[in-house]
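Below you'll find the structure, written out as structure tokens, and then a few comments.
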Amino acid sequence: MGKVIIFSAPSGSGKSTIVDHLLGKFNKLELSISATSRAPRGQEQNGREYYFISAEEFEKRIAQDRFVEYEQVYKGTYYGTLKDELERIWSAGHIITFDVDVKGGVNLKRIFGNDALSIFIQAPSIEELHRRLVARATDSEKAIEERVAKAAEEMKYAPMFDRIIINDELDKAFECADSLIEEFIRK
Ligand code: ADP
Ligand code: 5GP
């Protein structure tokens, strides 16, 4: 079994920004591509952002015990990591990098134990998270309200992670993430 790094955060905390930075900087990290039953958005392609499958196919694979973990992150929409995905990345000699919701993050840490580093990304406050989601301009007003309401609940999971990065000034958050990853790669 190889190493894994797990990133979780309430939506709008800056998780994608930080994970993209790390994937660009550390060649050893490779993003785990999840399967999902949601439809592709914008330019998303099957096998790049996600493996897009129907809810029916997803449920069939659950019954076949083909997932490491899965969640209905939003009502009626499945997201999960296929066991095949782990082998694909480890056999390339890479460290699996997960971008999952907070419950998935806690479950993956439980599964991988000391082979895992779990990191919770946190915005400085709920108000700031709200401002960033508005500024990102990718979600409807209603979706933003839902995400902010969910964020308060998701924050409660922070203490269950190995490390918390407070993403206030982005440069400092990058530095903090870089040093955590360097240390974990060396270990
Ligand atoms: P997530 O993936 O957690 O939903 P994003 O990485 O998409 O979050 O970040 C949400 C928005 O906030 C984006 O528009 C991003 O550019 C911006 N952002 C990220 N980090 C910071 C920061 N430290 N200060 C200000 N804006 C930020
Ligand atoms: P989106 O639909 O915006 O791409 O993703 C929604 C949420 O699903 C994000 O919080 C993302 O981290 C989470 N997610 C993506 N893949 C998985 C997965 O395999 N398992 C779990 N538990 N969550 C996932």
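Just so you know, all these numbers are worked out from the coordinates, no wet-lab data involved. Nothing here was measured: the structure is a model prediction, and the numbers come from that model. Glycine also receives a Cβ, built like all others from the backbone with ideal geometry; neighbour counts cover every protein chain displayed.
Among the residues that make up segment 42-54, is at least one of them within 11 Å of ligand 2 (Cβ to nearest atom), on the phi < 0 side of the Ramachandran plot and of a type in the set (Asp, Glu)? So far as segment 42-54 goes, yes, one or more of its residues are within 11 Å of ligand 2 (Cβ to nearest atom), on the phi < 0 side of the Ramachandran plot and of a type in the set (Asp, Glu). If the condition is being within 9 Å of ligand 2 (Cβ to nearest atom), among the basic types (Lys, Arg) and either assigned to a strand (DSSP E or B) or within 22 Å of Glu69 (Cα to Cα) (or both), then segment 1-41 contributes Lys15, Arg38. Note on segment 37-53: residues that are touching a helix residue (DSSP H, G or I) at 6+ places or on another chain (Cβ under 8 Å) and not small (Gly, Ala, Ser) total 1.
Restricting attention to segment 38-89 and to residues that are among the basic types (Lys, Arg) and within 16 Å of ligand 1 (Cβ to nearest atom), the residue that is surrounded by the fewest Cβ atoms within 10 Å (Cβ to Cβ) turns out to be Arg41.
Give Gln72, Gln43, Gln64 a once-over and let me know the one that is within 29 Å of Glu127 (Cβ to Cβ) and of a type outside the set (D, E, K, R). Only one candidate qualifies: Gln72. Against the list (1) closer than 30 Å to Lys172 by Cβ; (2) in a helix (DSSP H, G or I); (3) out of contact with any helix residue (DSSP H, G or I) (no Cβ under 9 Å at 6 or more places or on another chain), the condition Glu56 fails is (1).
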